[in-house]
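K.L.:
Submitted below is the structure of interest, expressed as structure tokens.
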Amino acid sequence: MDYKPQNVICQNCKTQFTIEPEDFNFYEKIKVPPPTFCPECRLTGRLLNIMERTLYNDICDNCGKKIISHFSPETSYKVFCSSCWWGDSWDGTEYGKDYDFNKTFFEQFHELRKIVPCQAMNMKNSTDCKYCSGIDRCKNCVYVFSGLQSINCYYCVTPIFVKDSIDSDFIINGDHVYEAFNSNQNYNTKFAYFSDGSLDSAFLFNCLGCSNCFGCVNLRNQKYCIFNKQYSKEEYQKEIQKWDLGDYKIVQKAEQEFMKLFYKTPKHFANIINSTNVIGDNIKNSRNCKICFSVFNGVENCKYIFYSGLLLKDSYDVTLGGDTSELLYQATGSTRCQKAFFVRASSNLVDVEYSENLYNCSNCFGCAKLRHKKYCILNKQYSKEEYKKLIPKIKEHMMNVPYKDKDGRIYKYGDYFPPEHSMWAYNESLIQQYFPLKKEEVKKCNFSWHNPPERDYQITLKTKDLPNHIKDVDDSVLNEIIECEHNGKECNQQCSTAFRILPNELQFYRQMNITLPRLCPNCRHYERLKKINPPKLWHRKCMCNGVESYNKEYKNTIKHSHGDSPCMNEFETAISDERREIVYCKKCYQAEFV
Ligand SMILES: [Zn+2]
Ligand SMILES: [Zn+2]
Ligand SMILES: [Zn+2]
Ligand SMILES: [Zn+2]
Ligand SMILES: [Zn+2]
């Protein structure tokens, strides 16, 4: 059909957004009405339904064992430990309900998810992992979220095929990686951001294929560079002795010098590698993607995708999904799915809508926690014929009798779950990491806020009393409860106020010559997040003023095509104009850095 662009006012934030002809074609293809919430409100709605870092001590409602859970013991949800949840002693269809045409769909779904057992923390095919969730095929991991096939990883988010690594987020194929963000194929590398294929290096930003480099920005296939300065092998080996990362004071100095160079060196307006026809930021090996952020390896014909990859096609509004999926819409944490709309934390689905924690299911609607099922609605089993007859009636009912939330927003077929039905509070869910708000602000927006549980431990070691050098750390540190330098005060980063060092972790720091951390794992993760751009775009002008950058921090090294007059190029960038970075267009950037 021939569509025209249409401007719509978002039900939630009241800003205007445009539905393009290509979008209408997509909604037509999946037979879902166009959205009534803007792309950002759709993203925040999904993030509110993803839980990572809030953990509780609880008891499994099936076997009575002590467990670590994403659900506070006070919640009304029924919670099972992983082995009970995956066991055969129960089946989700036991909780099946008839569809009630006198109630809204969203109310009925919310009632259902309150009675079907939840898995304390979602783990699949994983062994010897502690405090992890959203992981699949992992081994010996601690405090890892959304990991895939990774071994011996500690405090990582989305490690994929990674081993022996600590404090690193969104990394693929890494080995002995420490403090990295969005960096792939690295070995023995520390503090690497948006840098791939590095070896024996530290403090890198946007470097590709570098080895024996320290404190470098925007380099390609270099060796023996320190703060972007080339050394001979012998000089490098002498010079690098000064940068002993086992020493906390030297790490702080290195970070300072690195950030100085970072702000002095122009950034490409978008971090895009080996991709064609894409708009967004941090896109690798993908094509035909619009308004996508942090997508990698085979994302094609997609829009509004955030942190997804490994073959994801023809999809809209996906967060943490992919791994051979197509036609996903408004989905989170879902992998190996085809035609799955409004689903969360699921895998191997075909033709599923408005469901969560479903595994190997097809033709299900409004279901929670099912495995190997077909033709279910609100967890009740139907025959194929009954199912096909009932689904159109339910969709019509959702259109005619929408759910209305307490602020008057309405939710029909085609809208995501209402935020007030999220199982978690604002500051417990992933939304706090990307759209951080303070308690008062959250209350004002009518989201719920969760007060962290009272700590029942005593800090035994102050941060200031930690040895400066890793070589001076005694094994006794394993018995200490160490204060987080932020100590929860003025800290809006889910600070757990204290932390421990684990035996394998200590061995790693000693082997890699890394000073002990001073912050709790949550604060460490939030500090890394500060180095990335938000999932938003700003229309900006190139900051090249002819022979230097507008802020005079960077002198061009070569004459640009626009000569000595300012560059007039404009672009969409995720670096807002309030930030300090120097942002160059593709031409000016390539003139300087290739
Ligand atoms: Zn909005
Ligand atoms: Zn159990
Ligand atoms: Zn902390
Ligand atoms: Zn330019
Ligand atoms: Zn220029």
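K.L.:
Within the set of pairs 6+ apart or on separate chains, which have a first residue in region 382-398 that is within 27 Å of ILE410 (Cβ to Cβ), a second that is open to solvent by 100 Å² or more (accessible area, probe 1.4 Å) and not acidic (Asp, Glu), and C-beta atoms under 6 Å apart?
P.N.:
Listed pairs, sorted by first residue: none to list.
K.L.:
Just one of the numbered conditions (1) more than 23 Å from THR319 (Cβ to Cβ); (2) surrounded by fewer than 17 Cβ atoms within 10 Å (Cβ to Cβ) is not true of GLU483; which one?
P.N.:
In the conditions (1) more than 23 Å from THR319 (Cβ to Cβ); (2) surrounded by fewer than 17 Cβ atoms within 10 Å (Cβ to Cβ), GLU483 misses (2) alone.
K.L.:
Quick one: which residue in PHE71, PHE26 is within 16 Å of ligand 2 (Cβ to nearest atom) and touching a residue at least 24 places away in the same chain (Cβ under 8 Å)? Let's see the steps before the verdict.
P.N.:
Details: PHE26 fails: within 16 Å of ligand 2 (Cβ to nearest atom).
It is PHE71.
K.L.:
Go through region 551-594 and give me each residue that's open to solvent by 100 Å² or more (accessible area, probe 1.4 Å), over 19 Å from LEU537 (Cα atoms) and under 33 Å from the mean Cα position of the chain (by Cα).
P.N.:
Hits for region 551-594 are LYS587, VAL594.
K.L.:
Within region 465-497, can you find the residues that are among the polar types (S, T, N, Q) and at pLDDT below 95? Can you show your working first?
P.N.:
Taking region 465-497 as the starting set, the residues that turn out to be among the polar types (S, T, N, Q) are 468, 476, 479, 487, 492-494, 496-497.
Passing the criteria: ASN487, ASN492, GLN493, GLN494, SER496, THR497.
K.L.:
Only one of ASN513, ASN533 is open to solvent by 20 Å² or more (accessible area, probe 1.4 Å) and more than 20 Å from the chain's Cα centre (by Cα). Can you tell me which? Before the answer, list the steps.
P.N.:
Details: ASN533 fails: more than 20 Å from the chain's Cα centre (by Cα).
Testing whether each residue is open to solvent by 20 Å² or more (accessible area, probe 1.4 Å) and more than 20 Å from the chain's Cα centre (by Cα) leaves just ASN513.
K.L.:
Could you check how many residues of region 346-359 are surrounded by fewer than 23 Cβ atoms within 10 Å (Cβ to Cβ) and in contact with a Gly (Cβ under 8 Å, 6 or more places away or on another chain)?
P.N.:
First, the residues of region 346-359 that are surrounded by fewer than 23 Cβ atoms within 10 Å (Cβ to Cβ): 347-348, 350-351, 359.
Now restrict to residues that are in contact with a Gly (Cβ under 8 Å, 6 or more places away or on another chain): none.
Of the residues in region 346-359, 0 are surrounded by fewer than 23 Cβ atoms within 10 Å (Cβ to Cβ) and in contact with a Gly (Cβ under 8 Å, 6 or more places away or on another chain).
K.L.:
Quick check on this structure: which one of ASP2, ASP23 is at pLDDT below 95 and either touching a Gly at 6+ places or on another chain (Cβ under 9 Å) or among the charged types (D, E, K, R) (or both)?
P.N.:
ASP2
K.L.:
Check VAL547 against each of (1) β-branched (Val, Ile, Thr); (2) open to solvent by 70 Å² or more (accessible area, probe 1.4 Å); (3) within 14 Å of ligand 4 (Cβ to nearest atom); (4) within 29 Å of GLU255 (Cβ to Cβ) and name the one condition it does not meet.
P.N.:
(4)
K.L.:
Another question, if that's okay. When you scan region 131-149, do you find a residue that is over 22 Å from ARG336 (Cα atoms), open to solvent by 10 Å² or more (accessible area, probe 1.4 Å) and among the basic types (Lys, Arg), even just one?
P.N.:
Within region 131-149, the first condition is being over 22 Å from ARG336 (Cα atoms), and the residues that meet it are 131, 140-143.
If we keep only those that are open to solvent by 10 Å² or more (accessible area, probe 1.4 Å) as well, we get 131, 140, 142-143.
Keeping just the survivors that are among the basic types (Lys, Arg) gives none.
Checked against the condition, which is being over 22 Å from ARG336 (Cα atoms), open to solvent by 10 Å² or more (accessible area, probe 1.4 Å) and among the basic types (Lys, Arg), region 131-149 yields no hits at all.
K.L.:
So which of TYR224, TYR231, TYR236, TYR263 is of a type in the set (Phe, Trp, Tyr), open to solvent by 50 Å² or more (accessible area, probe 1.4 Å) and at pLDDT 95 or above? Write out each step before concluding.
P.N.:
Details: TYR224 fails: open to solvent by 50 Å² or more (accessible area, probe 1.4 Å); TYR231 fails: open to solvent by 50 Å² or more (accessible area, probe 1.4 Å); TYR236 fails: open to solvent by 50 Å² or more (accessible area, probe 1.4 Å).
Among TYR224, TYR231, TYR236, TYR263, only TYR263 is of a type in the set (Phe, Trp, Tyr), open to solvent by 50 Å² or more (accessible area, probe 1.4 Å) and at pLDDT 95 or above.
K.L.:
Over 28 Å from GLN11 (Cβ atoms) and open to solvent by 30 Å² or more (accessible area, probe 1.4 Å) - does that describe any residue in region 98-117?
P.N.:
Looking through region 98-117, at least one residue is over 28 Å from GLN11 (Cβ atoms) and open to solvent by 30 Å² or more (accessible area, probe 1.4 Å).
K.L.:
Just need a number here: residues in region 180-211 that are of a type in the set (A, V, I, L, M, F, W, C), open to solvent by less than 10 Å² (accessible area, probe 1.4 Å) and in a strand (DSSP E or B). Break it down into steps so the answer makes sense when it comes.
P.N.:
First pass over region 180-211, keeping only residues of a type in the set (A, V, I, L, M, F, W, C): 180-181, 191-192, 194, 199, 202-205, 207-208, 210.
Those left that are additionally open to solvent by less than 10 Å² (accessible area, probe 1.4 Å): 180-181, 192, 202-204, 207, 210.
Narrowing further to those that are in a strand (DSSP E or B): 180-181, 192, 202-204.
So the answer is 6.
K.L.:
Oh, and also: Select the strands (runs of 3 or more DSSP E) contained entirely in region 275-345, then report the ones holding at least 2 residues which are more than 20 Å from LEU529 (Cα to Cα) and open to solvent by 20 Å² or more (accessible area, probe 1.4 Å). Please lay out each step first, then the result.
P.N.:
Details: elements: 276-284, 287-296, 299-309, 316-319.
It comes to 276-284, 287-296, 299-309.
K.L.:
Scan region 462-489 residue by residue and report those that are in a loop (DSSP other than H, G, I, E, B), under 22 Å from LEU245 (Cβ atoms) and without any contact (Cβ under 8 Å) to a residue 12 or more places away in the chain.
P.N.:
Within region 462-489, just ASP474 meets the criteria.
K.L.:
If a residue must be of a type in the set (A, V, I, L, M) and in contact with a His (Cβ under 8 Å, 6 or more places away or on another chain), how many such residues does region 537-579 contain? Write out each step before concluding.
P.N.:
Of the residues in region 537-579, the ones of a type in the set (A, V, I, L, M) are 537, 543, 547, 558, 568, 574-575.
Next, from what is left, pick out any that are in contact with a His (Cβ under 8 Å, 6 or more places away or on another chain): 568.
Final tally of qualifying residues: 1.
K.L.:
Find the residue count for region 372-382, including only residues that are touching an Asp or Glu at 6+ places or on another chain (Cβ under 8 Å) and open to solvent by 10 Å² or more (accessible area, probe 1.4 Å).
P.N.:
Total meeting the criteria: 2.
K.L.:
Please return the ranges of helices (runs of 4 or more DSSP H) entirely within region 1-98 where 3 or more residues are more than 16 Å from ligand 1 (Cβ to nearest atom) and hydrophobic (A, V, I, L, M, F, W, C). Quick ask: steps written out before the conclusion?
P.N.:
Numbers: elements: 21-30, 39-47, 82-86.
Those helices (runs of 4 or more DSSP H) span 21-30, 82-86.
K.L.:
Then there is this: Output the number of residues of region 109-139 satisfying the condition of being of a type in the set (A, V, I, L, M, F, W, C) and within 28 Å of TYR413 (Cβ to Cβ).
P.N.:
Initial filter on region 109-139 (of a type in the set (A, V, I, L, M, F, W, C)): 109, 112, 115-116, 118, 120-121, 123, 129, 132, 135, 138.
Remaining after also requiring within 28 Å of TYR413 (Cβ to Cβ): 109, 112, 115-116, 118.
Counting residues in region 109-139 that are of a type in the set (A, V, I, L, M, F, W, C) and within 28 Å of TYR413 (Cβ to Cβ) gives 5.
K.L.:
Moving on. Identify the residue in region 74-83 that is within 9 Å of ligand 2 (Cβ to nearest atom) and among the polar types (S, T, N, Q) and, among all such residues, is surrounded by the fewest Cβ atoms within 10 Å (Cβ to Cβ).
P.N.:
Checked region 74-83; the qualifying residue surrounded by the fewest Cβ atoms within 10 Å (Cβ to Cβ) is SER83.
The values are calculated or read from the model by the stated rules, or taken from the named source; none is laboratory data. Please read all numbers here as calculations on a predicted model, not as lab measurements. Positions of Cβ are backbone-derived with ideal geometry, glycine not excepted, and every protein chain shown enters the neighbour counts. Ligands, DNA and RNA are stripped out before the accessible areas are found, and what is left, the full protein with its side chains, is counted by its heavy atoms. Shrake-Rupley method; radii C 1.70, N 1.55, O 1.52, S 1.80 Å.
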